[in-house]
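In what follows, a structure is listed as structure tokens, so that the remarks can point back to it.
The values are calculated or read from the model by the stated rules, or taken from the named source; none is laboratory data. Please read all numbers here as calculations on a predicted model, not as lab measurements. Quick reminder, even Gly has a Cβ in these numbers, built from the backbone with ideal geometry, and neighbours come from all protein chains shown. All accessible areas refer to the heavy atoms of the entire protein, side chains included, with ligands and DNA or RNA removed. Shrake-Rupley method; radii C 1.70, N 1.55, O 1.52, S 1.80 Å.
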Amino acid sequence: MTDHKVVSRQEWQAVRDELLQREKEHTRTADELARQRRELPWVAVEKEYRFDADDGTRTLAGLFDGRSQLLIYHFMFGPSYAAGCPVNSSMADGFDGLLPHLHARDVTLVLVSQAPLAKLQGYKQRMGWNVPWVSAADTDFNVDFGGSYTPEQVLSWGLDESALPPVVAVNAAATGTDVAGYLSESPAVSVFTRRDGAVYQTYATAGRGVEFLMGYYPILDRVPNGRDEGDAFQTWIRRHDEYV
């Protein structure tokens, strides 16, 4: 017997209709936020960045691959990592199917990480992905745009590992590094546009702001148990070849 409230179909429909109005308000608010994102001012990117890619060295402008809009996900795979972050990996699992649709709307999606290219290539093969992935190991790009931190920056935080959420230690172990090494990388999104040969940053977000890339969360938010995480935030997430 369930301990959840059970009502008649008519009573359920009345409550559902009330919630639907709030969901519609939420949708309209999201539409307005999207408009405000598009109206953000731009900042010119004047520093020269060069990335290691499968086909050689690419500039930031080269990552656009002929399109006018570029979304970069700063994938958490640092120099000390033996494997990519499981949570970041769960996001990337859904990217390949998006690429044709994004390309149709003049958007290029690229992963950028601080680890050497050979590590990224090996992990990409293991995961079975096709999404473009480049290394920022020889450039300041990830540090400049909030995707990575220097060892000095991490040290300056004076980390109290016992006060960190459990997911940090879980993912540090899963990536084969220590907590400080794991936290040298951060989940972040950077968006750029290219106009008349110049590159501009148009948007950025980090932390929970990247959840729009986690396709399973909106689904979980609509089933009875929800995300079912509590204090164990994201500790359940594994690489897709590690679930048992």
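A few points about this structure:
- Matching residues, the range 10-46, being among the β-branched types (Val, Ile, Thr) and not in a strand (DSSP E or B): 15, 27, 29, 45
- Candidate set: the range 174-191, residues that are small (Gly, Ala, Ser) and open to solvent by 30 Å² or more (accessible area, probe 1.4 Å); chosen: the one farthest from residue 207 (Cα to Cα): 176
- Pick from the range 14-57, criterion open to solvent by less than 60 Å² (accessible area, probe 1.4 Å) and under 22 Å from the mean Cα position of the chain (by Cα), ranking: nearest to residue 143 (Cα to Cα): 49
- Residues of the range 205-217 satisfying the condition of being at negative phi, in a helix (DSSP H, G or I) and open to solvent by less than 60 Å² (accessible area, probe 1.4 Å): 209, 210, 211, 213, 216, 217
- Close Cβ contacts (under 8 Å, 6 or more residues apart or on different chains) running from residues in the range 219-230 that are open to solvent by less than 80 Å² (accessible area, probe 1.4 Å) to residues that are outside any loop (DSSP other than H, G, I, E, B) comprise 226/220; 227/217; 227/220.
- Enumeration of residues in the range 192-202 that are open to solvent by less than 60 Å² (accessible area, probe 1.4 Å) and touching a helix residue (DSSP H, G or I) at 6+ places or on another chain (Cβ under 6 Å): 199
- Selection within the range 126-154: residues that are under 21 Å from residue 177 (Cα atoms) and part of a helix (DSSP H, G or I). The member of this set that is most open to solvent (accessible area, probe 1.4 Å) is 152.
- Residue in the range 74-95 that is open to solvent by less than 70 Å² (accessible area, probe 1.4 Å), among the polar types (S, T, N, Q), assigned to a loop (DSSP other than H, G, I, E, B) and more than 28 Å from residue 44 (Cα to Cα) present: yes
- Residue check for residue 231: at pLDDT below 95, over 15 Å from the mean Cα position of the chain (by Cα), over 26 Å from residue 126 (Cα atoms) and not small (Gly, Ala, Ser): yes
- Condition met for residue 102 (in a strand (DSSP E or B), of a type outside the set (Ser, Thr, Tyr) and under 28 Å from residue 242 (Cβ atoms)): no
- Among the residues making up the range 155-183, those that are assigned to a loop (DSSP other than H, G, I, E, B) and within 20 Å of residue 82 (Cβ to Cβ) are 176, 177, 178, 183.
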